[in-house]
1. What do you reckon, is residue 207 among the small types (Gly, Ala, Ser), modelled with pLDDT of 95 or more, closer than 22 Å to residue 161 by Cβ and surrounded by 20 or more Cβ atoms within 10 Å (Cβ to Cβ)?
2. Within the stretch 146-167, does at least one residue satisfy the condition of being free of Cβ contacts under 8 Å to residues at least 12 places away in the same chain and either within 27 Å of residue 218 (Cα to Cα) or touching a Leu at 6+ places or on another chain (Cβ under 6 Å) (or both)?
3. Within the stretch 61-75, restricting attention to residues that are under 19 Å from residue 180 (Cβ atoms) and touching a residue at least 60 places away in the same chain (Cβ under 8 Å), which residue is surrounded by the fewest Cβ atoms within 10 Å (Cβ to Cβ)?
4. Among the residues in the stretch 287-309, are any at pLDDT 95 or above, more than 24 Å from residue 264 (Cβ to Cβ), of a type in the set (Ser, Thr, Tyr) and touching a helix residue (DSSP H, G or I) at 6+ places or on another chain (Cβ under 6 Å)?
5. For the stretch 76-116, how many residues meet the condition of being surrounded by 21 or more Cβ atoms within 10 Å (Cβ to Cβ), part of a loop (DSSP other than H, G, I, E, B) and either at positive phi or among the basic types (Lys, Arg) (or both)?
6. Has the stretch 212-233 got any residue that is under 21 Å from residue 54 (Cβ atoms), surrounded by fewer than 18 Cβ atoms within 10 Å (Cβ to Cβ) and touching an Asp or Glu at 6+ places or on another chain (Cβ under 6 Å)?
7. What strands (runs of 3 or more DSSP E) completely inside the stretch 119-197 contain at least 2 residues that are of a type in the set (Val, Ile, Thr) and surrounded by 24 or more Cβ atoms within 10 Å (Cβ to Cβ)?
8. Give me the residue from the stretch 276-297 that is crowded, with 24+ Cβ neighbours inside 10 Å and of a type in the set (S, T, N, Q) and, out of that set, nearest to residue 336 (Cα to Cα).
Amino acid sequence: MKRIRVFSFVACLIAIFAFVAISEAGQSAKTIITKQAPVVGCKNVTGKKYKGTRAKVYYTKHIDSEHLIKLYNLINDEIYGKVAIKLHTGEKNGPNILPRDMVKAFQAQVPNSSIVETNTLYKGDRFTTESHKETLKANGWTFCPVDIMDEEGDVSLPVRNGKHLKEVSMGGHIVNYDSMIVLTHFKGHAMGGFGGSLKNIAIGCASGKIGKRQVHDAPPDADKWEEYPLKERFMELMADSGKATVDYFGKHIVFMNVLRRMSVDCDCAGLTAQEPTIPDIGMLASTDILAIDQASCDLVFGKADSENHDLVERIMSRHGLHQLQAMRDLNMGNEQYELICID
């Protein structure tokens, strides 16, 4: 009787190991292993084994509306009601903004949705609501409603356990929406090093005259960004502001990063943005803001030095990876992720 039990136990173990091996083999084609960005505090760069969950980040190498919609359908379970699509619409005729036709086809698949923006702190093409509307027309954002959320004023959202801020002034219309899709052109940034999902909402949802000044910690008489506090403090202020929006929407916010035409400059630079030197990488989608920005950085850092040098230098020189550490400190998401290819 004992031999039968032992044999049965061994047979079960063999079956379990075989199932695991088959499952892992099947998943190997879907899971991409990338070189992790050198982020202080990121467990994946220590070489040690870790326990805990991993966020899911979906990936495609294709950059078109068909695959954007496929990605969205994998993360949209909690998107409902009136939907804000937070997009960086860019300065006039900016060469690197997301393709209008791709966004148009995507937006058409999201019922009751509008593109949302806010005015800028700097005196550019989107400094006033009037000039902002003209810029939207020039850039072709005319196929759906575009809500300049601070057109009629601000609303203060709390920052729970923030590093520096207790509240942030957002475009007042933000409270009119039930859900938010953060559709981000991932690229470099003059102050932040890189602009990902965090930057898109941290600065992009903050009101032009009050909120953005809070996030930049801008002195009242400062006219140029070089005069603002930079590096770690700025990254932490962005995390504070981003947390206010993430907490406000709760489960009803998702993130999509498009790694295309990644200049070292933000779309705020318009026609003066430097020409990208890193090849296009693809698109990502997740319900986790930290995981998607971490994965985006990892994909950039995983390219050959000859390809990613300029963008990596921009990120590192501005201490941009501290954005990820600040989000981790605020428990905004999971830096451990599984990158799942849908191709």
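1. Working: among the small types (Gly, Ala, Ser): yes; modelled with pLDDT of 95 or more: yes; closer than 22 Å to residue 161 by Cβ: no; surrounded by 20 or more Cβ atoms within 10 Å (Cβ to Cβ): yes.
Here the answer is no, as residue 207 does not meet what is asked.
2. Within the stretch 146-167, the subset free of Cβ contacts under 8 Å to residues at least 12 places away in the same chain is 166.
Checking which are either within 27 Å of residue 218 (Cα to Cα) or touching a Leu at 6+ places or on another chain (Cβ under 6 Å) (or both) leaves us with 166.
Looking for residues that are free of Cβ contacts under 8 Å to residues at least 12 places away in the same chain and either within 27 Å of residue 218 (Cα to Cα) or touching a Leu at 6+ places or on another chain (Cβ under 6 Å) (or both), one finds at least one in the stretch 146-167, hence yes.
3. Taking the stretch 61-75 and keeping what is under 19 Å from residue 180 (Cβ atoms), we get 68-69, 71-75.
From what is left, the residues that are touching a residue at least 60 places away in the same chain (Cβ under 8 Å) are 68, 71-72, 74-75.
Values: 68: 23, 71: 25, 72: 19, 74: 15, 75: 20.
Checking each candidate, the answer is 74.
4. There is no residue in the stretch 287-309 that is at pLDDT 95 or above, more than 24 Å from residue 264 (Cβ to Cβ), of a type in the set (Ser, Thr, Tyr) and touching a helix residue (DSSP H, G or I) at 6+ places or on another chain (Cβ under 6 Å).
5. Residues that pass the stated criteria total 1.
6. Our first condition is that a residue be under 21 Å from residue 54 (Cβ atoms); within the stretch 212-233, this holds for none.
No, that holds for no residue.
7. On the way: elements: 146-148, 154-158, 167-171, 179-185, 187-189, 193-195.
Strands (runs of 3 or more DSSP E) meeting the threshold: 179-185.
8. The selected residue is 294.
The values are calculated or read from the model by the stated rules, or taken from the named source; none is laboratory data. Remember, it's a predicted structure, so these values are computed and weren't measured experimentally. Glycine also receives a Cβ, built like all others from the backbone with ideal geometry; neighbour counts cover every protein chain displayed.
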